[in-house]
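Remarks on the structure that follows.
The values are calculated or read from the model by the stated rules, or taken from the named source; none is laboratory data. Everything numeric in this text was worked out from a predicted model, so none of it was measured. Neighbour counts run over all protein chains shown; Cβ positions are idealised from the backbone, glycine included. We work out accessible area using only protein heavy atoms, side chains counted, and drop any ligands, DNA or RNA first. Shrake-Rupley method; radii C 1.70, N 1.55, O 1.52, S 1.80 Å.
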Amino acid sequence: MTPQPTDTRTTGPKLGFFTRLLEDAPAADRYRFALEQIEAAEDFGFHSAWVAQHHFSAAEGGLPSPLVFLSHAAARTTRISLGTAIITLPMENAVRVAEDAAVLDELSGGRLEIGLGSGGNPKSFPAFGTSFDERREVFADNLATLRTLFSGDRLPTDHGLYPAPDGQRPSLERRLWQATFSAGGAGAAGAAGDGLMLSRTQPRPKDNPSAPLDEVQLPVIDTYLSQLPEGAEPRILASRTAVVADTEDLPRLREITEPALRAEADRLVGYDTSGLSLDELLIATDTYLGTPEQVVEGLRHDRVLDRATDVSFQVHSVPATNETTLRSIELLATEVAPALGLSVTKEKVR
């Protein structure tokens, strides 16, 4: 198939927010902070808010049940799209995911976006009756079940989804996204007409460890676009780490970021980063930490933003407080997004 045109958008990519709920706080506070952040994102014109799913470890992420949490977020918001980034589908019962998603979509007025993936901590899989080695096969089977139910078809057992698709809004089948590092995974997402979710960072090729992130991800986008069915609208969500701060707050943020980033850097980039300075570490891990002007200058060179339909920003792996995150949300919407041509909505909700 012939690749699609380089830029298929009519406007800039839509501004989104993403959180793993990683504040140094008890679970109740993490959930309260995330709700405040999503409300702030809606107030400042973000189009979407996304939450991750992690099991058994507060250090990896604070939310094992994203659809439950998003149901509460739906009651606290009116406009912003609410998405999972991601549900680890091999660890789930696909029928229960479909039912919970359908109920949430009704409660939110059709605002749910469902990001899915096959990865996750290998140690978590046995608790859900499966294994890391089986994840791709289980993912495919569960995804097929979701498609059947979301499309309004019936399972081989003759069961159908309730609440059922009513044709009043785009079906949840058309709001599925797949997260992947690889061109093969992107091709599968494209062929299915799903959205493509790109990571904030990923390991570089062994023969080119200093390759820019966009150099690694652009071929993934090309493959996705080449496999989209004719007439299907591309949906490409690029996640990026950006903490935007006032000048006077940067020295302290840099001080607390260095040990946190060093603890994760080798895993994130796939090589020994012990000899790198903090600024080199920020570049290697694709972390944008600075004033609005500094963040804009760094992101201006990211060619993936020219191809994406959506861009979601997160603070991780910067150990940001709730206050830091709220200020970053404000500066992203009011200063960074306009400078980069990112789309924010002008609709007032509060």
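Data for the structure
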quantity: Yes/no for Thr2 being at pLDDT below 95 and touching a strand residue (DSSP E or B) at 6+ places or on another chain (Cβ under 6 Å); calculated: no
quantity: Test result for Ala27, open to solvent by less than 20 Å² (accessible area, probe 1.4 Å), of a type in the set (A, V, I, L, M) and over 30 Å from Asp133 (Cβ atoms); calculated: no
quantity: Candidate set: segment 86-113, residues that are among the β-branched types (Val, Ile, Thr) and in a helix (DSSP H, G or I); chosen: the one least open to solvent (accessible area, probe 1.4 Å); calculated: Val97
quantity: Which numbered condition Arg235 misses (of (1) modelled with pLDDT of 95 or more; (2) of a type in the set (Lys, Arg); (3) out of contact with any Gly (no Cβ under 8 Å at 6 or more places or on another chain)); calculated: (3)
quantity: Enumeration of residues in segment 300-341 that are outside any helix (DSSP H, G or I) and either of a type in the set (Asp, Glu) or within 17 Å of Trp50 (Cα to Cα) (or both); calculated: Asp302, Ala308, Thr309, Asp310, Val311, Ser312, Phe313, Gln314, Val315, His316, Ser317
quantity: One residue from Arg204, Arg135, Arg169, Arg147 being touching a helix residue (DSSP H, G or I) at 6+ places or on another chain (Cβ under 7 Å), touching a residue at least 24 places away in the same chain (Cβ under 8 Å) and open to solvent by 40 Å² or more (accessible area, probe 1.4 Å); calculated: Arg147
quantity: Thr130 vs. criteria in contact (Cβ under 8 Å) with a residue 12 or more places away in the chain, open to solvent by less than 40 Å² (accessible area, probe 1.4 Å), outside any helix (DSSP H, G or I) and among the β-branched types (Val, Ile, Thr); calculated: yes
quantity: Flag for Ala211 being in contact with a Lys or Arg (Cβ under 8 Å, 6 or more places away or on another chain), open to solvent by less than 40 Å² (accessible area, probe 1.4 Å) and modelled with pLDDT under 95; calculated: yes
quantity: Selection count where residues are within 17 Å of the chain's Cα centre (by Cα) and closer than 23 Å to Gly195 by Cα, scope segment 267-301; calculated: 1
quantity: Within segment 237-276, tally of residues that are closer than 30 Å to Gly12 by Cα and either among the small types (Gly, Ala, Ser) or in contact with a Pro (Cβ under 8 Å, 6 or more places away or on another chain) (or both); calculated: 7
quantity: Restricting segment 43-70 to residues that are open to solvent by 20 Å² or more (accessible area, probe 1.4 Å) and in contact (Cβ under 8 Å) with a residue 40 or more places away in the chain, the residue that is farthest from Ser199 (Cα to Cα); calculated: Asp43
quantity: Some residue of segment 248-263 being under 24 Å from Val220 (Cβ atoms) and either surrounded by 20 or more Cβ atoms within 10 Å (Cβ to Cβ) or charged (D, E, K, R) (or both); calculated: no
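Condition check ((1) closer than 23 Å to Gly185 by Cα; (2) of a type outside the set (Asp, Glu)) across all residues:
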{"site": "Pro90", "(1), (2)": "yes, yes"}
{"site": "Phe128", "(1), (2)": "no, yes"}
{"site": "Arg135", "(1), (2)": "yes, yes"}
{"site": "Asp141", "(1), (2)": "yes, no"}
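So that you can scan it fast, the table gives a plain yes or no per residue for (1) of a type in the set (Lys, Arg); (2) in a helix (DSSP H, G or I); (3) more than 15 Å from the chain's Cα centre (by Cα):
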{"site": "Arg30", "(1), (2), (3)": "yes, yes, yes"}
{"site": "His54", "(1), (2), (3)": "no, no, no"}
{"site": "Ala59", "(1), (2), (3)": "no, no, yes"}
{"site": "Leu63", "(1), (2), (3)": "no, no, no"}
{"site": "Phe69", "(1), (2), (3)": "no, yes, yes"}
{"site": "Gly83", "(1), (2), (3)": "no, no, no"}
{"site": "Gly115", "(1), (2), (3)": "no, no, no"}
